[in-house]
Amino acid sequence: LAKTTQPISMDSYEGQEVNITCSHNNIATNDYITWYQQFPSQGPRFIIQGYKTKVTNEVASLFIPADRKSSTLSLPRVSLSDTAVYYCLVAKAGSSNTGKLIFGQGTTLQVKP
Amino acid sequence: NAGVTQTPKFRILKIGQSMTLQCTQDMNHNYMYWYRQDPGMGLKLIYYSVGAGITDKGEVPNGYNVSRSTTEDFPLRLELAAPSQTSVYFCASSTLQGISYEQYFGPGTRLTVT
């Protein structure tokens, strides 16, 4: 599974847009990019996944450039409740897929009033 | 649906004791996983299962055992507990229908070994 690198921490203010970038230079052709969110004392929660270009859901947008060596999670107009750890993961598709995910250290986002 | 449930929520063990962490899901998911999370760190995969009767090791399996006799249950057994096993343990499940990497996590079990 491809290794990912993301900032350890980020600060933002309520109402701002937050972009968290993740690099995955050795991503393979059949790998997907997925992001999870974890609040203190809770298990992680799936946010979004994508393969290329842009994916948007009710929570976030995911931007993936053509070379797929990086991705950016965009959180619109954050609130204090968006304070959490955000994990970028690369997951392999295909017949050998077991759903295994490798979690790195994640990015701790602190939203201030 | 209750989703993924884990018991107990908290447990303190003495060195050398054994215990079983329970995990149950009611979503009829084939795939189930056990992770541990040390303070300030990401999750590490201990064991996983792709269906009843099938289990396999993850990144950090030493000191643990699992079994999967039913689709719903995936217990994690700690034998001879050691202080290095002090951690928060999360169980998760998924369907892998289509191409989806959404795993559903339980609330976790906080284990302290002293």
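Tabulated data for the structure shown
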read-out: Rounded to whole Hz, the Karplus (6.51, -1.76, 1.60) HN-Hα couplings of segment B:4-13, x for glycine and proline; value: 9, 10, 10, 9, x, 7, 9, 7, 10, 10
read-out: Rg/Rh ratio calculated on Cα atoms of segment A:9-96 (Kirkwood radius); value: 0.98
read-out: Exposure rank, largest accessible area first [B:MET32, B:MET41; 1.4 Å]; value: B:MET41, B:MET32
read-out: A:PHE103, A:PHE63, reordered so the largest accessible area comes first (probe 1.4 Å); value: A:PHE63, A:PHE103
read-out: Cross-link table A:LYS3/A:LYS52; A:LYS3/A:LYS92; A:LYS3/A:LYS112; A:LYS112/B:LYS44; A:LYS92/B:LYS9; A:LYS54/B:LYS57, entries beyond 24 Å C-alpha to C-alpha; value: A:LYS3/A:LYS112; A:LYS112/B:LYS44; A:LYS92/B:LYS9; A:LYS54/B:LYS57
read-out: Cα centre as origin, Lys/Arg/Asp/Glu Cβ charges: segment B:33-114 dipole, Debye; value: 140
read-out: Over segment B:15-101, equivalent-ellipsoid semi-axes from the Cα gyration tensor in Å; value: 23, 15, 10
read-out: Heavy-atom SASA rank of B:SER67, A:SER71 (probe 1.4 Å, accessible area, largest first); value: B:SER67, A:SER71
read-out: Relative contact order, percent, chain A [alpha-carbon distance under 8 Å, six or more residues apart]; value: 36
read-out: Solvent accessible area, Å² - A:LEU109, 1.4 Å probe, full protein context; value: 0
read-out: Per-residue mean of C-beta atoms belonging to partner chains within 10 Å, peptide A:36-44; value: 5
read-out: Accessible area (Å², 1.4 Å probe, nearest 10) - A:SER12; value: 0
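The values are calculated or read from the model by the stated rules, or taken from the named source; none is laboratory data. Computed from a prediction, not measured in an experiment: that's the story for all the values here. Positions of Cβ are backbone-derived with ideal geometry, glycine not excepted, and every protein chain shown enters the neighbour counts. The area values use the complete protein model at the heavy-atom level, side chains included, leaving out ligands, DNA and RNA. Shrake-Rupley method; radii C 1.70, N 1.55, O 1.52, S 1.80 Å.
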